[in-house]
Amino acid sequence: MGDRDDLETPYARLAAASSSGVPTTAGDVAQAALFLARAPRINGACLVIDGGDSVLGTAGRDGYYA
């Protein structure tokens, strides 16, 4: 294992595993939550916030999904 404060290595691994080259961040999830908060007529919906990776089949890549 490396330095616990080193975020560059895990970020690079997640970016490499993502189909878009950018990992999903907490900000992405927050944007989705804000969207749902402003859309009172949406109910019972499941949002997958992964940049399309689950559709493109990258879920089996090492280090992306635990």
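Every read-out reported here was derived from the displayed coordinates using simple, explicitly stated rules and does not represent laboratory data. Source: prediction; values computed, not measured. Here the Cβ is made from the backbone with ideal geometry for all residues, glycine too, and neighbour counts use every protein chain on show.
Remarks
- Overall dimensions of the range 8-56 as given by Cα atoms, namely Rg and Dmax in Å: 13.1, 41
- Summary of packing: across the peptides 4-13, 38-47, 24-33, the per-residue average of other C-beta atoms within 10 Å ranks them, highest first, as 24-33, 4-13, 38-47.
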